[in-house]
1. Filter segment A:77-115 for residues that are under 19 Å from the mean Cα position of the chain (by Cα) and among the aromatic types (F, W, Y); which is nearest to A:V146 (Cα to Cα)?
2. With respect to A:S71, determine if the residue is under 25 Å from A:P199 (Cβ atoms), surrounded by 14 or more Cβ atoms within 10 Å (Cβ to Cβ) and either in contact with a strand residue (DSSP E or B) (Cβ under 9 Å, 6 or more places away or on another chain) or in the same structural domain as A:V156 (by TED's automatic domain parsing) (or both).
3. Here are the criteria: (1) free of Cβ contacts under 8 Å to residues at least 12 places away in the same chain; (2) within 30 Å of A:Q248 (Cα to Cα). Tell me which single one B:G116 does not satisfy.
4. Would you list the helices (runs of 4 or more DSSP H) that sit entirely within segment B:214-294 and hold 1 or more residues that are crowded, with 23+ Cβ neighbours inside 10 Å, in contact (Cβ under 8 Å) with a residue 24 or more places away in the chain and out of contact with any Lys or Arg (no Cβ under 9 Å at 6 or more places or on another chain)?
5. Considering only residues that are among the polar types (S, T, N, Q) and surrounded by 24 or more Cβ atoms within 10 Å (Cβ to Cβ), look in segment A:200-220 and name the one that is nearest to A:Y99 (Cα to Cα).
6. Could you pull out the residue among A:R273, A:R229, A:R269, A:R185 that is modelled with pLDDT under 85 and either more than 18 Å from the chain's Cα centre (by Cα) or more than 10 Å from chain B (Cβ to nearest Cβ) (or both)?
7. Restricting attention to segment B:231-263, which residues are of a type in the set (D, E, K, R) and touching a Leu at 6+ places or on another chain (Cβ under 7 Å)?
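The values are calculated or read from the model by the stated rules, or taken from the named source; none is laboratory data. Here the structure is a predicted model, which is why all the values come from computation and not from measurement. Please note: Cβ atoms are built from the backbone with ideal geometry, for glycine as well, and neighbour counts cover all protein chains shown.
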Amino acid sequence: MKTRGGLDTAERVLGAPVLWAGLALLTAFAMAPFVWVLLASFKTRAELYATPLVWLPDSLSVTNYVEAWTSKLTPFSRFFANSLWVSSATTAISVLAGYALARFRFAGRQTVMMMFLATQMFPAVLLIAPLLSQWNALGLIDTYQVLIYSNFSFTVPFTVWMLVGYFESIPRELEESALMDGCGRFGALCRVVLPLAAPGVAATAIFAFVSSWSELLFAITFTSQTEMRTLSAGLLFMVGQYEIQWGQLSAGVIISTLPVAVLFTFLQRHLIRGLTAGALKG
Amino acid sequence: MAREATLARPLARPLLSRRARELATGYLYLLPVVVALGATVLVPILSAIRMSLYRNVLIKPQEYGFIGLGNYARLLHDEVFWLSLWNSFFWVFGSVSPQFLGGFAAALLLHQTFRGRAVVRTLTLLPWIIPGVVVALIWEYLYQPNYGALNDLLARAGLMTEKVAWLSNPSLAMPAVIATNVWRGVPFFAIMLLAGLQAIPDELYEAARVDGAGVLGRFWYITLPMLRPIVVVATATRIIWTFNYADLIFVMTSGGPANATQITSTYTLLQAYSNLDFGYAATLSVVLLLIMLAFTTLYLRVTRGVEPVA
């Protein structure tokens, strides 16, 4: 029978190599596809379609990026701006809307919260046909609003749930004393609650931003003009257009990934804490 | 004096009491959420249910009309629907089980203390955060028969003599899209379980160590039971999400070849986008929702739920 000490020795001796091997494997698994596309985005046409395959580009040519960014047919600069605007507006409004439910007690709050949780269960495909008819009737097709409004269907329940977790960790007394001191509700929110909840709000906002940045089905259903496409829709459109231009497409993929990757580096720490706060409750 | 006179003037009585004003402001804050979700979730769901009771094919407006449960009857005899349902279950369990196992292993690794942990965490969790289209296109390129990385690697390793068309081979397409989905989902479980691991107090491990519990003992008697609530929540949300998720397959194969990767949610899209049959698409999506409701109820009963919601 092994003693406690024996096991701990085994842990010490085996621990490090197992850990490093595991980490190396995990990183390779996660990063290899990115590396492949990143390399492809710098390749020339000849390198992309060479047999046998050329893995490393001769030089770091940025032609693919310039072409994708300025292309008339698939203008990524425009797609990028569209995604940025739609995602920012969705995020700002969702986070503000989330605050009310998170902070304000009213009769039936529990029921409303449970209903929000239930919306997470609804397939996006369920909403597409009715939303299309609805937006069509309102004459909103091919507008930014239509994407922003549609995105609420998945961002708002999420922001509400996440913010409830964060705001509930801030003592209500703090806000009440601010109200006593003559702050309005909005003033109390800005001066007392928000600074304390800032990390949580930031995490929630980033998450809302990233999920609207990724949205595809609404974007391809409710817009039809090239200049209204978001990055996701633009990428798909690029595939459907002609024989796939893997170089430009890879550049487009990297352009679409970069902003969320940067945000995620900030988010990573908070997300892990924030998810426990929300998830363990729900 | 003027000053005193100002002070002495009686306060105008507010129209509403403080409490009432407080409530009114609160409900005012509530309004945007109610409007947003009413217009984008509640009303559309009700109209989807209504739509499912109508014959509503956009290219045949002359046939528009109420047909009761006609679309549901059609569904019972629709072989592609039953195939898509079977494919959905294959897709969900084929994706979620490796995601869970891989994610658990990743979480245990990322929970350790080592140099550069923040960087490694960010890099390894990245596949989860990037847009679905991006995931789909990256993998479509990897699977590309002539210029893709996978065939080249397999050929160089001497494991493959003829080029394989991963996504257009009926028996390989589903495993190929599942592999893509696994890549995307491992970080999700890693994040959720890592959060759970961080919430376990160190004292428990210390106490167990003093009592003579080994690595495996500590894992079995502390880590697993303490993670249980988060495992239940994470797997349930992931199963539901994967079942409903259409983007990946829609971009990579559109349900092909020959419906080999047709899951119920992509079949719904097919009906709506290609056949413009909104009535039948609505029917499919309502059924999709009912299946998920049944699943959630059953799942929460079997796992005895989590602690009551706050």
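1. It comes out as A:W85.
2. No: the conditions fail for A:S71.
3. B:G116 satisfies all of (1) free of Cβ contacts under 8 Å to residues at least 12 places away in the same chain; (2) within 30 Å of A:Q248 (Cα to Cα) except (2).
4. Fully inside segment B:214-294 and qualifying: B:224-244, B:247-252, B:264-273.
5. A:T204
6. The conditions single out A:R185.
7. B:D247
Table: residues versus (1) away from chain A (no Cβ under 14 Å); (2) surrounded by 15 or more Cβ atoms within 10 Å (Cβ to Cβ); (3) touching an Asp or Glu at 6+ places or on another chain (Cβ under 7 Å).
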| residue | (1), (2), (3) |
| --- | --- |
| B:V34 | no, yes, no |
| B:G38 | no, no, no |
| B:L42 | no, no, no |
| B:S47 | no, yes, no |
| B:S52 | no, yes, no |
| B:Q62 | yes, no, no |
| B:Y72 | yes, yes, no |
| B:S84 | no, yes, no |
